[in-house]
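The structure under discussion appears below in the form of structure tokens.
The values are calculated or read from the model by the stated rules, or taken from the named source; none is laboratory data. Predicted model, so just to flag it, every value in this text is computed and none were measured. Don't worry about glycine lacking a Cβ; one is built from the backbone with ideal geometry, like all the others, and counts go over all protein chains shown. When the accessible area is computed, the model is the full protein with side chains, heavy atoms only, and any ligands, DNA or RNA have been set aside. Shrake-Rupley method; radii C 1.70, N 1.55, O 1.52, S 1.80 Å.
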Amino acid sequence: MEKRRWSRYANELKTGHKMEVIERRMRVGVHNGLAYISSPLTVHLVPQEELMTGTQSLRRKARTSAKGQNPPSSSSSLVVRSRISLPIVKDPRFALVFSIDFLLGVRAADGTVSQSQSVMVGWGIALPFSSDPTAFYLTGGPRANPDEVLCFKSLQGLRGRGPHASLADGRRDLSLAFHFYLADEAPHPSRPLEPECSDEEPEPERRTKPEIREPEPEPQPEVVEIDEEIIHEPEEEEELVPVSRREGRRAETRKPERSDPERPERERDRLPPSDGVTSYREHIKMENVYDSTVPSIQPLARSSLAFLSATSFCKISDRNGDAPTLVDPMDTRPIDIAIERNDRLATAEIVLQLLAMKWNTQEKSPARVYFTFQFFRIPMITTEILSIDTRDSILRRLQMNNQGEYPAGFTAKITIDRASLSSSEELATFLATGEVSIEAWDADSMIPLGSATLPLRSLCRRGTEAVQFYAECSVLQAALPIPARTVGTLYVRAANIGHPFSNQMDLTLSHSSSFIAYSLPSIGHSSSGKKVELYLVRAKPLSASHQSSLQRFIQSQRIDMHRRYAEILNEQNLKSIGDWEALKKKVPGSAHHESSLKRFIFEGELEAYRKARGESKANKLLAAVFKGLTVSHSFSVSLGEVHVFEFMLSNPFPNAVNCSILMDDASLSIVHQEEEWESWKRSIKHPTEEKKVDSTIFKRGLTRDASNLLYLRPNEPLLIPFKYDGLKVSSAAEEGAEGQVKVIFKEVNSGEPLSVLDLHIQKRPYALSRAFRFLADEATNFEKHIRMRDKRRVQSIRCSDPSAKVSLVQDRGGMQVVRITAYMGPALTVRKLIVFLYEDAYCHRLTATWKVEVHAVTRVDTHSVQGQTTNVQLPVYVDNNNTTAPVFVHSSSTSIRLPHPQPLELAAGARSLAVQHTSTALGTHISLLSLTSDQSLVNMYALHAHIRAPHVSSSYAIRVDSRTREPVVKRLAVHNSYSIPRSFRLVSSHPNLMRPLTEVINLPPEGVISPPLQFLPVDFSRRTIEMHLFIQDADTGQEEETYALKVVYEPM
């Protein structure tokens, strides 16, 4: 089957195209005999001579290879550019599995690859802790392999030999040699790091064996460092170049090859490997990497579904009044876009219902929240303030309905008609691959609590009337520069209801208070249902050919007569004249009054005729000429999209002319590169359009400056490609505003216009794919690396903010990472970055749109001991115009306490505000604080608390009966070693299990008191827990002593 399929691909190739090897890859992983202990790493293989001579980089190599400027390499050895770090246990039962993959495909002139597929050509297993682990042969064919994929049928074919050739020459097809050492060992000096490459069979017995220590009784994970692997391949195999993202089309000069074939030992080979994620050219800090994992979502449990069904939420029903079909939100069946595109129900009613919110954290749980989310092209939706019922965690609106009740949940209904889409499959494609990010906010403190990601693929109706699903979405707090953590669970109900036409629905005009309705505005369509947007626009000359000025004048006169006749006898003027005629017949009274009134009517009627002919003949003639030359073209574009179209310009003169192209908008430009035009031709899906590029325009001296001069032959039509860049669309695009751009083609010598192109651009909102929100320190450089989940390769990237830098890098596993760098302003400022990802190098095919919002906060650092209460000073800036500003202090953590009652009266000017911080956990923790005044945010702080372990003065072992249901009281002696009376505060590290009954104790000089400690009942039988009792100064909060308690819970 594979052979027939590749034969079919070969027959379908165009003239000049051929199937070639795009990349050579090697996968290596640690196997325990049953499965891989971690995902195998993928690295690229390059010819050895490239590393020896220090030739071009991967990116340049890919470009020059695509142009055919690099001759095939004669080298038979491939190497890995850098070392590989693998986690492995020092145990002889662990093995390293190597596999060689070739990426085959057809490369176009612009570097894009089509019909690509990865093929395994060989694999092998090495035992790193055996007697001979560093050299072996790779095998292939119909044999079982750890990856469970098909392998190349015969490796002999790589050398060009026949299928029945023997191996009597003693040379195998593929051999692999490598060196390794443990992370805590230095490379052995007798073992060369860079062995020589040869086509001959490797001799394992001559290689120096690595020094391997005996395994410990309890093996601990180690890191094995594998140096550069050398893959010996046939000499007849052509050189393959890794493919990377296109970086412009600048000509690169090749460095001269070195005469010395032996490459000296590089300095970076002696350096220890980095633990961070790395790209081809740089290292990435792990703390700056945001790993966008798969959204945590699961179907609603039956018990939860039965509980929510008893609550009165807004009813969701289809157009027949029936309940939608219940589907599984985790359904992974493939989605047929053709079925969704040809659905007879052309209007989709998307319903998003927020049901309940449950917190699963020990921190403060807010009682009032609100949510923000953005769906498809609908602008940001902000819900009203919702309260969380403490009894059942149901979200309830604070405004009463007509029955005097607080409605449960929040329901948003979004109407999307097919007339509001640029293509019939746009919405289906978005639902199949998109998601919506629902962000939760504390309504009182205005602190972001986290976001829940809801995949939308289950909303595809698959030919049914309506579908719905219930889901539990994990709310993740990923805005802080620490690993993301789950803070709660959001219960969501989503539905997709089909309707024939939007005019049969009364959703947006409904006055019901049960839901909030939104709709997407329509874009221009013709009455036949076809889009007004076209890709080929032809010029409209006055006639087929005008050889003289007289013919052009006569033709313009005809156009002017038709236009004036239409203006005079239009509907409005005819109605005005008819009213005057009707008024004549209704004239009552004497003959004197009748004649006066008729004269007045006649003058008014004459004025109506004069008004119809108000413009001068010269102006009308000029307007008629330009109307005959003007061609209108309408299309819609959103932020980040690029619309490309072609304009057919004709020369009506029998002589050659020089044409100048004048444009009044910087967003519109001419396509100057033939490769870009050809790439766009291949991407359009209209079969009626020409796929072949007319390169005539590139041979006529078309300049790239503002003049845009063009040479036209007599009576010659010329195709000109234009592109409109939507990245420069203003903020009015959010409201669906329209823009107009004119392009004038005129002769350079006489200045006579040849044609006028009138563009009408309808600007619409962008379709959001993913949303991110981060918090960063004010007046600093914000840097974040977001690892992509999509397997599709992104070729180019752009950002809506020119002051921010975005780029694409790769990690060790070959995954693409988006790097974002932006400078943060003062506190409370928000940097909104719209990142656009494209599948091609010319930004024609937009594949995803990300929204990244970064909030600037004031950073405050504190260093303290575990359990110690520290006073932290927060800088507060109050407007000088307000003499008194009552503010409230809010915190996201229970470890922060305000010693003063609220609200606080702060004077004008800058001053500090003191709060108390007490932490019972070690390490660095980040807590958020906010100042609010009159329901507005004054400032937000990020408190970085660095907590170290305390100095334990005494240790105690305490046994507690785990079966008792009553609190158990124990006493410990507390000493006062001072010669003066002292007051101490007792703080527990586990207040949910142990707490002092007397918080503050007073001791006489050198006295002793045994305060009572209460141990609360537990729900487990046997467990040992390490606790601490912190003894602090009651006034300053400084640490005095710390008691370590080893509490053993067991039945007694």
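Elements of the type strands (runs of 3 or more DSSP E) sitting completely within the stretch 662-773 and holding at least 1 residues that are among the charged types (D, E, K, R), modelled with pLDDT of 85 or more and under 30 Å from A109 (Cα atoms): these cover 717-725. Per the conditions (1) open to solvent by 40 Å² or more (accessible area, probe 1.4 Å); (2) over 30 Å from S988 (Cα atoms), the sole criterion not satisfied by V852 is (1). Just so you know, in the stretch 1-54 the residues that are at pLDDT below 70, hydrophobic (A, V, I, L, M, F, W, C) and surrounded by fewer than 16 Cβ atoms within 10 Å (Cβ to Cβ) include one that is nearest to R107 (Cα to Cα), and it is L13.
Would you check which residues across the stretch 470-502 are of a type in the set (S, T, Y) and part of a strand (DSSP E or B) and list them? Selection gives Y470, S474, T486, T489, Y491. Against the definition (among the β-branched types (V, I, T), assigned to a loop (DSSP other than H, G, I, E, B) and either in contact with a His (Cβ under 7 Å, 6 or more places away or on another chain) or at pLDDT 75 or above (or both)), how does V149 come out, yes or no? It is true that V149 is among the β-branched types (V, I, T), assigned to a loop (DSSP other than H, G, I, E, B) and either in contact with a His (Cβ under 7 Å, 6 or more places away or on another chain) or at pLDDT 75 or above (or both).
Considering (1) of a type outside the set (D, E); (2) surrounded by 11 or more Cβ atoms within 10 Å (Cβ to Cβ); (3) at pLDDT 85 or above, the lone condition that P273 does not fulfil carries the number (3). Of the set (1) part of a strand (DSSP E or B); (2) open to solvent by 30 Å² or more (accessible area, probe 1.4 Å); (3) of a type in the set (G, A, S), all apply to A338 but (1).
Conditions (1) out of contact with any strand residue (DSSP E or B) (no Cβ under 9 Å at 6 or more places or on another chain); (2) of a type in the set (A, V, I, L, M, F, W, C); (3) within 23 Å of S309 (Cα to Cα), marked per residue:
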position: S365; (1), (2), (3): no, no, no
position: T383; (1), (2), (3): no, no, yes
position: R397; (1), (2), (3): no, no, yes
position: P407; (1), (2), (3): no, no, yes
position: L421; (1), (2), (3): yes, yes, no
position: A432; (1), (2), (3): yes, yes, no
position: E435; (1), (2), (3): no, no, no
position: A440; (1), (2), (3): no, yes, no
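Here D790 meets the list (1) open to solvent by 10 Å² or more (accessible area, probe 1.4 Å); (2) modelled with pLDDT of 90 or more almost entirely, failing just condition (2). For R845, the criteria (1) surrounded by 19 or more Cβ atoms within 10 Å (Cβ to Cβ); (2) within 25 Å of the chain's Cα centre (by Cα) hold in every case but one, which is (1). Q69 meets all of the listed conditions (1) open to solvent by less than 30 Å² (accessible area, probe 1.4 Å); (2) at pLDDT below 80 but one, namely (1).
Cβ-Cβ contacts under 8 Å between residues 6 or more apart (or on different chains), taken from a first residue in the stretch 739-759 that is within 25 Å of G726 (Cβ to Cβ) and open to solvent by 60 Å² or more (accessible area, probe 1.4 Å) to a second residue that is of a type in the set (D, E) and part of a loop (DSSP other than H, G, I, E, B), are listed as K742/D664. Identification of strands (runs of 3 or more DSSP E) wholly contained in the stretch 77-133 with 3 or more residues that are within 27 Å of L34 (Cα to Cα) and either of a type in the set (A, V, I, L, M, F, W, C) or without any contact (Cβ under 8 Å) to a residue 12 or more places away in the chain (or both) yields 84-89, 95-107, 113-126. Checking T453, T372, T383 one by one, the residue that is under 26 Å from R485 (Cβ atoms), of a type outside the set (D, E, K, R), open to solvent by 30 Å² or more (accessible area, probe 1.4 Å) and in contact (Cβ under 8 Å) with a residue 24 or more places away in the chain is T453 and no other. For S803, the conditions (1) touching a residue at least 60 places away in the same chain (Cβ under 8 Å); (2) open to solvent by 40 Å² or more (accessible area, probe 1.4 Å); (3) of a type in the set (G, A, S) are fulfilled apart from (1).
Remark: pairs (first residue in the stretch 300-316, closer than 17 Å to V351 by Cβ and open to solvent by less than 90 Å² (accessible area, probe 1.4 Å); second residue among the small types (G, A, S) and in a loop (DSSP other than H, G, I, E, B); Cβ separation under 7 Å; 6+ apart in sequence or on different chains) = F313/G409; C314/G409; C314/S514. For the stretch 629-661, the set of residues classified as in a loop (DSSP other than H, G, I, E, B), open to solvent by less than 10 Å² (accessible area, probe 1.4 Å) and among the small types (G, A, S) consists of G640 only. All of (1) under 20 Å from L943 (Cα atoms); (2) part of a strand (DSSP E or B) hold for G867 with one exception: (2). Might you let me know whether the stretch 945-953 holds any residue that is of a type in the set (V, I, T) and out of contact with any strand residue (DSSP E or B) (no Cβ under 9 Å at 6 or more places or on another chain)? No, the stretch 945-953 contains no residue that is of a type in the set (V, I, T) and out of contact with any strand residue (DSSP E or B) (no Cβ under 9 Å at 6 or more places or on another chain).
If you check V817 against the conditions, is it open to solvent by less than 30 Å² (accessible area, probe 1.4 Å), more than 30 Å from E1040 (Cα to Cα) and in contact with a His (Cβ under 6 Å, 6 or more places away or on another chain)? Yes. Within the stretch 797-805, identify whether any single residue is at pLDDT below 90, over 21 Å from V857 (Cα atoms) and in contact with a Leu (Cβ under 9 Å, 6 or more places away or on another chain), and answer yes or no. No, the stretch 797-805 contains no residue that is at pLDDT below 90, over 21 Å from V857 (Cα atoms) and in contact with a Leu (Cβ under 9 Å, 6 or more places away or on another chain).
All of (1) more than 15 Å from V835 (Cα to Cα); (2) touching a helix residue (DSSP H, G or I) at 6+ places or on another chain (Cβ under 9 Å); (3) among the polar types (S, T, N, Q) hold for Q810 with one exception: (2).
Filtering the stretch 359-383 down to residues that are charged (D, E, K, R) and more than 12 Å from A440 (Cα to Cα), which residue is nearest to the chain's Cα centre (by Cα)? Once the filter is applied, the top-ranked residue is R377. Here the strands (runs of 3 or more DSSP E) wholly within the stretch 941-1038 that include at least 1 residues being in contact (Cβ under 8 Å) with a residue 60 or more places away in the chain and loosely packed, with under 14 Cβ neighbours inside 10 Å are 954-961, 1023-1033.
Is the stretch 331-344 home to any residue that is at pLDDT 85 or above, of a type in the set (A, V, I, L, M) and touching a Pro at 6+ places or on another chain (Cβ under 9 Å)? No, the stretch 331-344 contains no residue that is at pLDDT 85 or above, of a type in the set (A, V, I, L, M) and touching a Pro at 6+ places or on another chain (Cβ under 9 Å).
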